[in-house]
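Here the structure comes first, spelled out in structure tokens, and everything after it is commentary.
The values are calculated or read from the model by the stated rules, or taken from the named source; none is laboratory data. None of the values given here were measured: they were computed from a predicted structure. Positions of Cβ are backbone-derived with ideal geometry, glycine not excepted, and every protein chain shown enters the neighbour counts. To get the accessible areas, we keep the full protein, side chains included, count just its heavy atoms, and leave off ligands, DNA and RNA. Shrake-Rupley method; radii C 1.70, N 1.55, O 1.52, S 1.80 Å.
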Amino acid sequence: MRRFVFLAGALFFLTGCRVDYPASVLDPAGPVAQAQLKLLALSFLIMAGIATVVLGLLLYAALRFRQKPGDEEDPPASPGVTWVEVLWTAIPLALLLIMAIPTYRTTFYLAKPPTGNPLPVEVVAHQFWWEFRYPDQGIITANELHIPVGRPVEMKVRSADVVHSFWIPRLGGKLDAAPGRTNRFWLQADEPGAYPGVCAQLCGAGHAQMHLVVQAQTEADFYQWVQAMKAPYRSPTDTLALAGEAVFAKSCQGCHAIGGSPYKGRVGPDLTAFHLRTTLGAGLVKNTPENLIRWIEDPLAMKYGVLMPSGKRDLNLSDAEIQALVAFLEGKP
Ligand code: CUA
């Protein structure tokens with residue numbers, strides 16, 4: 001009875017493993033993730049088959065050849081049987097070949113985008129956020145990777161500090177981001193949508209909150225975003241936001257850049273067209289003025305290990321200065 005309760009409980013918890021979870025490799029949304037899932041499924045099926053046969057034979061032998069009451073003799077030693085030896089060499093060999101060929105083909109398929117017009121993107125992992133550079137478009141953004149659907153994106157992945165791992169479960173990965181070397185891979189989204197990603201390599205205190213999101217857009221929406229990112233920089237006309245720009249110039253530009261502006265800090269995330277971001281703090285919370293105030297006041301209270309200084313404690317910004325700064329960052333040009 002106790003065993004039954006345990007099994008029923010285990011089954012109940014397993015029902016939590018749903019396929020429609022937004023970050024599941026079992027729900028691929030592009031050719032790379034599909035190829036990876038196919039390989040995963042093939043090796044799983046083969047291993048499940050081996051386990052079933054081997055454990056089945058073990059169970060059969062244990063039950064069928066039990067010591068009977070009164071049977072005290074050792075069984076006679078059985079010499080090698082040639083056909084059995086051949087069989088249990090040939091079957092693993094065949095299974096290994098069945099796995100090796102698709103593995104080889106998939107590895108080379110994943111190494112290079114298949115078509116002629118891939119979009120190049122450079123991914124730089126930082127403690128604890130992601131930088132995305134578009135060399136062809138001349139733009140830099142952070143934590144939200146915009147890509148056009150149906151077009152392969154060729155990525156060069158590296159790190160500015162320690163080893164991270166770039167992973168978007170529904171699109172593909174994972175790929176290590178290591179300092180001092182560039183790793184390459186590609187991915188492609190078939191449908192527009194937001195695909196969550198994470199850092200998959202323990203990289204420090206803020207590792208668990210090093211999220212990203214891939215915004216897959218139609219070609220037209222993507223180029224609209226590119227245009228917004230490339231729009232010439234203008235100081236705000238609103239008085240509060242203008243005061244906020246002064247605060248930015250005084251306290252933020254050492255680390256943060258805004259495209260086209262005189263502010264060119266490269267330590268923290270690039271903040272070009274920040275009002276277009278859906279989240280802040282690398283996927284930590286929704287990008288709202290309230291959250292941005294909390295974040296600027298004390299980022300460490302919201303995220304472990306964050307390297308950004310506290311606006312209150314470290315930079316001695318007043319409430320009015322933080323209000324102005326938020327008006328500057330969240331304001332549309
Ligand atoms: Cu970066 Cu974990």
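How many residues, within region 247-284, are touching a residue at least 12 places away in the same chain (Cβ under 8 Å) and either assigned to a helix (DSSP H, G or I) or closer than 20 Å to His146 by Cβ (or both)? Looking only at that region, the number is 26. Here region 209-235 is the region considered, the condition is being modelled with pLDDT of 95 or more and small (Gly, Ala, Ser), and the residue that is farthest from the ligand (Cβ to nearest atom) is Ala220.
Return yes or no: is Arg170 away from the ligand (no atom under 11 Å from the Cβ), crowded, with 20+ Cβ neighbours inside 10 Å and either part of a loop (DSSP other than H, G, I, E, B) or at positive phi (or both)?
Details: away from the ligand (no atom under 11 Å from the Cβ): yes; crowded, with 20+ Cβ neighbours inside 10 Å: yes; either part of a loop (DSSP other than H, G, I, E, B) or at positive phi (or both): yes.
Against the criterion (away from the ligand (no atom under 11 Å from the Cβ), crowded, with 20+ Cβ neighbours inside 10 Å and either part of a loop (DSSP other than H, G, I, E, B) or at positive phi (or both)), Arg170 qualifies.
In contact (Cβ under 8 Å) with a residue 60 or more places away in the chain, closer than 30 Å to Leu110 by Cβ and not in a helix (DSSP H, G or I): is that true of Ala205 in this structure? Give the steps one after another, and end with the answer.
Values: in contact (Cβ under 8 Å) with a residue 60 or more places away in the chain: yes; closer than 30 Å to Leu110 by Cβ: no; not in a helix (DSSP H, G or I): yes.
Here the answer is no, as Ala205 does not meet what is asked.
Quick check on Glu330: is it open to solvent by less than 60 Å² (accessible area, probe 1.4 Å), charged (D, E, K, R) and either over 26 Å from the mean Cα position of the chain (by Cα) or at pLDDT 95 or above (or both)? So Glu330 fits the description; yes.
Is it the case, given these coordinates, that Thr272 is β-branched (Val, Ile, Thr), closer than 24 Å to Pro236 by Cα and surrounded by fewer than 18 Cβ atoms within 10 Å (Cβ to Cβ)? Give the derivation first.
On the way: β-branched (Val, Ile, Thr): yes; closer than 24 Å to Pro236 by Cα: yes; surrounded by fewer than 18 Cβ atoms within 10 Å (Cβ to Cβ): no.
No; evaluated as a whole, the condition is false for this residue.
Please enumerate the residues belonging to region 195-204 that are more than 10 Å from the ligand (Cβ to nearest atom) and open to solvent by 30 Å² or more (accessible area, probe 1.4 Å). Once the filter is applied, which keeps residues that are more than 10 Å from the ligand (Cβ to nearest atom) and open to solvent by 30 Å² or more (accessible area, probe 1.4 Å), region 195-204 yields only Pro196. The lone criterion from (1) of a type outside the set (S, T, N, Q); (2) within 14 Å of the ligand (Cβ to nearest atom); (3) on the phi > 0 side of the Ramachandran plot left unmet by Gly150 is number (2).
Taking only region 111-137 into account, find how many residues are part of a strand (DSSP E or B), away from the ligand (no atom under 16 Å from the Cβ) and not charged (D, E, K, R).
So the first thing to find is which residues in region 111-137 are part of a strand (DSSP E or B), and the list is 119-126, 129-134.
Then drop every residue that is not away from the ligand (no atom under 16 Å from the Cβ), which leaves 119-122, 133-134.
Keeping just the survivors that are not charged (D, E, K, R) gives 119-121, 134.
Of the residues in region 111-137, 4 are part of a strand (DSSP E or B), away from the ligand (no atom under 16 Å from the Cβ) and not charged (D, E, K, R).
Regarding Gly244, is this residue of a type in the set (Gly, Ala, Ser) and part of a loop (DSSP other than H, G, I, E, B)? Taking the combined requirement at face value, the residue does not satisfy it.
Here's a check for you: in region 177-194, which residue that is touching a residue at least 40 places away in the same chain (Cβ under 8 Å) and open to solvent by 10 Å² or more (accessible area, probe 1.4 Å) is nearest to the ligand (Cβ to nearest atom)?
Phe185
For every residue, the table says whether it meets (1) surrounded by 10 or more Cβ atoms within 10 Å (Cβ to Cβ); (2) over 30 Å from Gly265 (Cβ atoms).
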position	(1), (2)
Tyr60	yes, yes
Gln67	no, yes
Thr82	no, yes
Glu85	yes, yes
Leu93	yes, yes
Leu97	no, yes
Tyr109	yes, yes
Gln127	yes, no
Glu131	yes, no
